[in-house]
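The values are calculated or read from the model by the stated rules, or taken from the named source; none is laboratory data. Quantities reported herein were computed from a predicted structural model and do not represent experimental measurements. Positions of Cβ are backbone-derived with ideal geometry, glycine not excepted, and every protein chain shown enters the neighbour counts.
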Amino acid sequence: MNIPNLLTLFRILLVPIFVILLIYGQTFYAFLVFMIAGVTDALDGFIARVFRQKTVLGAYLDPIADKLLLVSSYIVLAIISIIPPWLAVLVISRDIFILTGVAILFLNHKSFEIRPTLLGKVSTFFQLTTIVIALSVALPLLALQPFLTGSIYLSAALTILSGFHYAFIWVRQGSIHFCS
């Protein structure tokens, strides 16, 4: 087990801590845990690339860790009424849509490479930005409340666009055929 994989496992272990802190109203500490998770994400990727420590395990664990944190964040932030529930449903539905597309390709023995698109990366960036802004709403020092509404709608729009973009790519490549 190399350092990047250990950092990724650490990030996975941070998810329940983050969720528990949010549920118990410890937003400041939840914010810190979220930021630590973000730093470990950047650090594990950096170490894996620079020191050539990329592994098959890491290729699977890293996106799982990212999605666990993202999905958990949206669910809990919606439950505690910091973000609208419809946004959590939208973000999670897009990921389910993408996983379903990958499953269809796999089950139909289609060759494909799982690679996020630029629009997908931008969408994820704004989803994460929305979480940071939502968490900061409870922290008076950061005072990002005025940006939360715009961030919510921008994340929603980019999430929808990236979902359609993945579908467009799959259809254009002939990977998935829609029929009635």
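Could you check region 119-178 and list, in sequence order, the residues that are basic (Lys, Arg) and at pLDDT 90 or above? Answer for region 119-178, where residues must be basic (Lys, Arg) and at pLDDT 90 or above: just Lys121. For region 143-160, taking the residues that are hydrophobic (A, V, I, L, M, F, W, C) and surrounded by 14 or more Cβ atoms within 10 Å (Cβ to Cβ), the one that is nearest to Ala78 (Cα to Cα) is identified as Ile152. So which residues in region 1-11 are surrounded by 16 or more Cβ atoms within 10 Å (Cβ to Cβ) and among the β-branched types (Val, Ile, Thr)? Within region 1-11, Thr8 is the sole residue that qualifies. Only residues that are over 16 Å from the mean Cα position of the chain (by Cα) and β-branched (Val, Ile, Thr) were counted across region 1-38, and they come to 5. What is the number of the single condition among (1) surrounded by 13 or more Cβ atoms within 10 Å (Cβ to Cβ); (2) farther than 18 Å from Ala30 by Cβ; (3) modelled with pLDDT of 90 or more that Tyr74 does not meet? Condition not satisfied by Tyr74: (2). Among the residues making up region 113-135, a single one is among the aromatic types (Phe, Trp, Tyr) and buried (at least 16 other Cβ atoms within 10 Å of the Cβ): Phe126.
Filtering region 14-50 to residues that are hydrophobic (A, V, I, L, M, F, W, C), without any contact (Cβ under 8 Å) to a residue 24 or more places away in the chain and more than 22 Å from Thr130 (Cα to Cα) leaves Phe46, Val50.
For region 22-64, residues that are of a type in the set (Val, Ile, Thr), under 23 Å from Val76 (Cβ atoms) and surrounded by fewer than 18 Cβ atoms within 10 Å (Cβ to Cβ) total 4.
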